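See below for the structure under consideration.
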């Protein structure tokens, strides 16, 4: 689940292609420098999600229990917390949902060394920084390695560092194309299977129905751009040994930019912030026919599109070349035990149980959570894959997400300053949405900026 603008969080990718893992980036870089990077943005790379109301749950606690605080923005996760408390009488977990402020509050608490919860949800893009700043407990000492086989190799790789296990994977943000099937049929449009076809269908739509858009360039959502680059074959940051490469002007990045510059210059796509009131209204009233949607999104979107429930379907992502099946992944969220806890053993027990036990996963893989769980026991189960949602009617939508192709970018982990990169990309996207800059120009500017920033942080930067 992605909770904010710059949080690149969740595909089914194979082995990494980044050479030496990004987590091994220049260990000599000072922790103070990393902390400064953390504070630059209150969220790391990702899609904006709806506001969630703060909530506290401590149901089922027995007297005399060890009390733990758990921060998570997952709707409905309190049901799992309550079950844990009832079945683990020596531990009492109190769930707190801070809504959209959770990441800023967490970063502040981590930096100051006080006020952090015992267990917390956050985004994969912050794993490197949190671990290197010693904000997380190594869960290996509490048996975490015993559940490694419960997760895809790429997911486990994103939470392990130098033999330590610093979080338990929870969910994935794999993408599909969400489209209004009723209106697409009414207008005689085919669901695009390539990005070139997205342009062609958009041109036909705009010619016949001016003001109706085939898709959206959401200026608040840098995850769409940064994940989209990887589908085209680009890599934003690649580390080989101690040499960091920045790839915003690579041929693959230019291919991505060319598609979106065409869509934008011909006014075939809207430029509306996603999950905003305007965005929902345009989807509801027929102005916006398709959107890029991570696996957790349909359950949330459905609560705002009451008049068109059942009209929407999901399809595989359009590809840059016909016949391919390459995915996009916005990342996802793990849960970790913070170094501020006074009860690491009990906190680790809850963390592992939450994301691996059948009892917990049977609750988390259904609405209202909206999760696309990382645990292979869930993602491969018929009860999960056969689910239907009001938004998409009779379609078993998670089968489409499950069959999404691998996203090599997510398999490779995140860059050493993902939070900063996501924030700056999001800021630059505003200029593109306003028509003041093209995507290609934005990438050229970001390339120059990130090369300079990387050198300031002590990296050796090459092509």
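The values are calculated or read from the model by the stated rules, or taken from the named source; none is laboratory data. Keep in mind the model is a prediction, meaning the values are calculated, not measured. FYI the Cβ positions are ideal-geometry reconstructions off the backbone, even for glycines, and counts take in every protein chain you see.
When 359, 347 are checked against the criterion of being buried (at least 24 other Cβ atoms within 10 Å of the Cβ) and under 30 Å from residue 149 (Cα atoms), a single residue qualifies: 347. For residue 426, the requirement of being buried (at least 19 other Cβ atoms within 10 Å of the Cβ), in the same structural domain as residue 259 (by TED's automatic domain parsing) and touching a strand residue (DSSP E or B) at 6+ places or on another chain (Cβ under 6 Å) is not met.
Taken over the stretch 106-116, residues that are surrounded by 24 or more Cβ atoms within 10 Å (Cβ to Cβ) and in contact with a helix residue (DSSP H, G or I) (Cβ under 8 Å, 6 or more places away or on another chain) amount to 2.
Filter the stretch 376-412 for residues that are assigned to a loop (DSSP other than H, G, I, E, B), farther than 27 Å from residue 157 by Cβ and out of contact with any strand residue (DSSP E or B) (no Cβ under 7 Å at 6 or more places or on another chain) and give the result. Correct list: 386, 387, 388, 389, 393, 394, 396. Being on the phi < 0 side of the Ramachandran plot, modelled with pLDDT of 95 or more and in the same structural domain as residue 270 (by TED's automatic domain parsing) is a property that does not hold for residue 230. Kindly provide the set of residues from the stretch 182-195 that are crowded, with 16+ Cβ neighbours inside 10 Å and more than 14 Å from residue 312 (Cβ to Cβ), ordered by number. 187, 189, 192, 193, 194, 195, listed by residue number. The residue that is surrounded by the fewest Cβ atoms within 10 Å (Cβ to Cβ), counting only those in the stretch 157-176 that are over 18 Å from the mean Cα position of the chain (by Cα) and either modelled with pLDDT under 95 or in a strand (DSSP E or B) (or both), is 163. Within the option set 124, 128, being within 25 Å of residue 223 (Cα to Cα) and in contact with a helix residue (DSSP H, G or I) (Cβ under 7 Å, 6 or more places away or on another chain) holds for one residue only, 128. Only one of the numbered conditions (1) modelled with pLDDT under 95; (2) touching a strand residue (DSSP E or B) at 6+ places or on another chain (Cβ under 7 Å) is not met by residue 300, and that is (2). Is it true that residue 167 is touching a helix residue (DSSP H, G or I) at 6+ places or on another chain (Cβ under 8 Å) and in the same structural domain as residue 143 (by TED's automatic domain parsing)? So residue 167 passes the test.
When you look at residue 207, is it in a helix (DSSP H, G or I) and either on the phi < 0 side of the Ramachandran plot or crowded, with 24+ Cβ neighbours inside 10 Å (or both), yes or no?
Details: in a helix (DSSP H, G or I): yes; either on the phi < 0 side of the Ramachandran plot or crowded, with 24+ Cβ neighbours inside 10 Å (or both): yes.
Yes: the conditions hold for residue 207.
Among the residues making up the stretch 70-91, those that are surrounded by fewer than 20 Cβ atoms within 10 Å (Cβ to Cβ) and more than 13 Å from residue 365 (Cβ to Cβ) are 82, 83, 86, 87, 88, 89, 90.
Just to be sure, is residue 94 in a strand (DSSP E or B) and either out of contact with any helix residue (DSSP H, G or I) (no Cβ under 9 Å at 6 or more places or on another chain) or over 15 Å from residue 355 (Cα atoms) (or both)?
For residue 94, the condition - in a strand (DSSP E or B) and either out of contact with any helix residue (DSSP H, G or I) (no Cβ under 9 Å at 6 or more places or on another chain) or over 15 Å from residue 355 (Cα atoms) (or both) - is met.
Output yes when any residue across the stretch 337-350 is farther than 30 Å from residue 306 by Cα and modelled with pLDDT under 90, and no when none is. No, the stretch 337-350 contains no residue that is farther than 30 Å from residue 306 by Cα and modelled with pLDDT under 90. Has the stretch 114-131 got at least one residue that is over 15 Å from residue 341 (Cα atoms), outside any helix (DSSP H, G or I) and in contact with a strand residue (DSSP E or B) (Cβ under 8 Å, 6 or more places away or on another chain)? The answer is yes; a qualifying residue exists.
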